[in-house]
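Every number in this text was worked out from the coordinates using simple rules, so none of it is lab data. What you see is a predicted model; the values in this text were computed from it and never measured. With ideal geometry, Cβ positions are generated from the backbone for all residues, glycine too; neighbour counts draw on all protein chains shown.
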């Protein structure tokens, strides 16, 4: 993953920030929740809809600071997230 090496947000170039997890939010790469107080996570600006939407839709996301496996697309809703309330938005056509 580019941001782990560059320490900058893709496309925007803003600095990425790494710290020990203080909340359960999910890693946007593997979709596992962070172990609070035990795992490092990296925060950066990302727009998953670049090239798909006319308006930019950037937002803050966290990923594990160390390499993790990408969550398989056909695996359904992630088990780690079932215990937490969530809101989903549909985009594009």
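Of the listed values (i) 14.3; (ii) 16.0; (iii) 14.8, grab the one calculated as Kirkwood radius over Cα pairs in Å from the structure here.
The value matching this structure is (i).
By per-residue mean of other Cβ atoms within 10 Å, what is the highest-first order of 11-21, 69-79, 40-50? Numbers along the way, then the final one.
Numbers: 11-21: 13.2, 69-79: 9.5, 40-50: 17.1.
So the peptides 11-21, 69-79, 40-50, ranked by packing, come out 40-50, 11-21, 69-79.
As an exercise, use a Förster radius of 35 Å and the Cβ-Cβ distance of residue 89 and residue 36 to find the FRET efficiency, rounded to the nearest 0.05. Show your work: numbers first, answer last.
Working: r = 26 Å, r/R0 = 0.75.
Efficiency at R0 = 35 Å is approximately 0.85.
Each label point is 7 Å from the Cα along the Cα-to-Cβ direction; what then is the distance between the points at residue 66 and residue 14, in nm?
2.8 nm
So if each residue of separation counts as 0.36 nm, and I subtract the Cα-Cα distance between residue 80 and residue 50, what length gain in nm does that give?
Numbers: separation 30, 0.36 × 30 = 10.80 nm, distance 2.72 nm.
Gain in length upon complete extension: 8.1 nm.
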